[in-house]
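The values are calculated or read from the model by the stated rules, or taken from the named source; none is laboratory data. As the structure is a computational prediction, the values presented were derived from the model and not from experiment. Here the Cβ positions follow ideal geometry from the backbone for every residue, glycine too, while neighbour counts run over all protein chains shown. When the accessible area is computed, the model is the full protein with side chains, heavy atoms only, and any ligands, DNA or RNA have been set aside. Shrake-Rupley method; radii C 1.70, N 1.55, O 1.52, S 1.80 Å.
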Amino acid sequence: MAKLWQTDASARLDPTVESFLSSIVVDSRLVFEDIECSQAHAIMLGEQGIIPRQDASALVDELAKIRKELEADTLSVDQNAEDVHSFLEDELTRRLGDAGKSIHAGRSRNDQVATAFKLHVRNACRATRALAKNALAACLDLAETNIETLMPGYTHLQRAQPVTLAHHVLAWCAGFERDIGRLADAAARADESPLGAGALAGSGLSVDRERTAGLIGFARVSMNTMDAVADRDAAVEYAAAAATLMTHLSRASEDIVLWASSEYGFVSILPTASTGSSIMPQKRNPDPAELIRGKAGRVFGNLQALLVMEKGIPYAYNRDLQEDKALFFEIEEAVNGALGAFAVLVKSLVPNVARMRVALDGGYLEATDVAEYLVKLGVPFRTAYQASKLLVQRCVEENKSLRAIAQIDLEVHEAFGRVGVSAEELVRYLDPQACVARRMQTGGPAPLRVREQIRRLRDWLETES
Ligand code: ARG
């Protein structure tokens, strides 16, 4: 097939090079965006008197027909075309003759591809944000029903202090909230039209960039025509937001993998989001969680590839930039797929409240509270810490839990005697539920505070458009 840019029929590309350069397999996905942008361009050309008005409306109508035929599958994008932009111009020319040939006045494939892709990126920011909101809402449902579900919180994967399942899940939500904000920021910055930038220097024709931007639904035009065709930072920004989101999804998934293991036994996963083993009938595997973790690597890799692809390119357009789309679509697919699966996974979790409660025993998770109890009675923290440490050591030696203190000689450290600690009162103080309930700081695990966090996030989800 002759290329749009071909002037001499005898000077053909080597077929190997031709197939190497072709991007049609990848950029066919931009066909609807390109139709939208081309319609705006045609309308503007007509209004500006650059082409006859009847040619402009013929172009707009024919593009609408092409859209319908593609949607109805009576037309498919010709995979022999160089790219989706060539395909559309060829198709218009085949159908409309000279009117078809007039569509490319005042534009270049450089601003054409930048515009269709930017529109796609802006819309992808919005779509991924909606999916992230959905995943966050699923987490809030899980939190809501587990405000009183006690469990150990961990640092260094060692049992540290009692928290609740709701508090832990809200930690995931806090990350997702920022991710959703990042995607909103990225969408707002991507909301500018490169169209009319031409190859790099605009056009000598009276192209109206503001008009095409308005018709496509962009908030504004990009402010420099060379930047408009040369930069892909909107894609990088989406990719970076997606990569950060994937770290959050991956870490939450890792929590779920641990919780679903026999060693923890904190949750089971309904068959909607767990798989069986082909050989071991007793198993239920957390495959969706593992694949989310796995997909994170692909997203990070593609972000890196996008950055490296762009870094050495002299201004303005160079063909390297064609790589942006394959990398981007892969990121988009991975993150959207992961978000959808994660929401179902979270809905499929069945907490084992008893197992979590038992995990609070025997690990001396209340040791900090012993020290804080002494602090409240006026003992300096470091002395109180030493006293608590000795008490824990004694409990370990005697194979007793901290709440069996009544049977232990509290004189283990003089601090206990000095302030006259009553073992009975201390035992009440160390009840895990009490430990959680008095952690009343903003953002803390106390049920009251957790309810506030849930309510705030629900309100935010509703108002966040
Ligand atoms: N397929 C190309 C891309 O995605 C379209 C732009 C080609 N422009 C050019 N001057 N060769 O980047």
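Let me test this: with uniform point scatterers at the alpha carbons of region 318-364, what is the Debye-based log₁₀ I(q)/I(0) at q = 0.19, 0.28 1/Å? Here the Debye-derived log intensity ratios amount to -0.75, -0.94.
In the chain, taking the dipole from charged Cβ atoms about the Cα centre, the farthest positive-side position among I405, G294, P194 is held by I405. Derived scalar couplings between HN and Hα for region 366-382 equal 8, 4, 5, 5, 4, 4, 5, 4, 5, 4, 4, 8, x, 7, x, 4, 5 Hz in order, rounded to whole Hz, by the Karplus curve 6.51 cos²θ - 1.76 cosθ + 1.60 (θ = phi - 60°), x for Gly and Pro. Remark: the chain carries a charge dipole of roughly 1340 debye about the Cα centre, counting +1 on each Lys and Arg Cβ and -1 on each Asp and Glu Cβ.
Projected label points at T442 and D409, each 7 Å from Cα along the beta carbon direction, are separated by 4.8 nanometres. Determine, at each q value in 0.13 (inverse angstroms), the log₁₀ of I(q)/I(0) that the Debye formula gives when each Cα of region 396-465 is one equal point scatterer. The computed values of log10 I(q)/I(0) come out as -0.57. Calculated from the alpha-carbon coordinates, region 213-293 shows an Rg and a Dmax of 21.6, 63 Å respectively.
So if I take the centroid of the Cα atoms in region 310-374 and the same for region 141-220, what is the distance between those two points in Å? Here the two parts' Cα centres lie 14 Å apart.
For region 1-49, what class follows from the C-alpha gyration tensor (a ≥ b ≥ c being the square roots of its eigenvalues): rounded when a/c is under 1.5, otherwise prolate if a/b is larger than b/c, else oblate? Here region 1-49 falls in the oblate category.
Among the protein heavy atoms, those of W259 account for about 10 Å² of accessible surface (1.4 Å probe, every chain in place).
With each label modelled as a point 7 angstrom along the Cα→C-beta vector, the A188-A326 pair spans 3.5 nm.
In angstrom, the C-alpha Rg and Dmax of region 244-352 are 18.1, 60.
Region 128-237 gives an Rg/Rh value of 1.30, both radii derived from C-alpha positions and Rh following Kirkwood. Lys-Lys pairs in region 260-383 that are eight or more residues apart or on separate chains and whose Cα atoms lie under 30 Å of each other come to 6. Normalised by residue count, region 310-400 yields a Cα convex hull volume of 265 Å³ per residue. The antiparallel fraction among DSSP beta bridges confined to region 124-243 stands at about 75%.
Each residue of region 384-391 was assigned a 3J(HN,Hα) from its phi angle through the Karplus expression (A = 6.51, B = -1.76, C = 1.60, θ = phi - 60°), giving 4, 4, 4, 4, 5, 4, 5, 5 Hz with x at Gly and Pro. In the chain, Cα pairs under 8 Å separated by at least six residues give a relative contact order of 15 percent.
With the whole protein complex present, R357 retains an accessible surface near 70 Å², based on a 1.4 Å probe. Fully extending the segment from K311 to D227 would add 28.9 nm, taking 0.36 nm per residue of separation and subtracting the current Cα-Cα distance. For the chain, the spread of Cα coordinates along the three principal axes comes to 99, 52, 38 Å, biggest extent given first.
Dipole of region 1-48 computed with +1 at Lys/Arg Cβ and -1 at Asp/Glu Cβ about the Cα centre; of S10, V25, H41, farthest Cα towards the positive end is S10.
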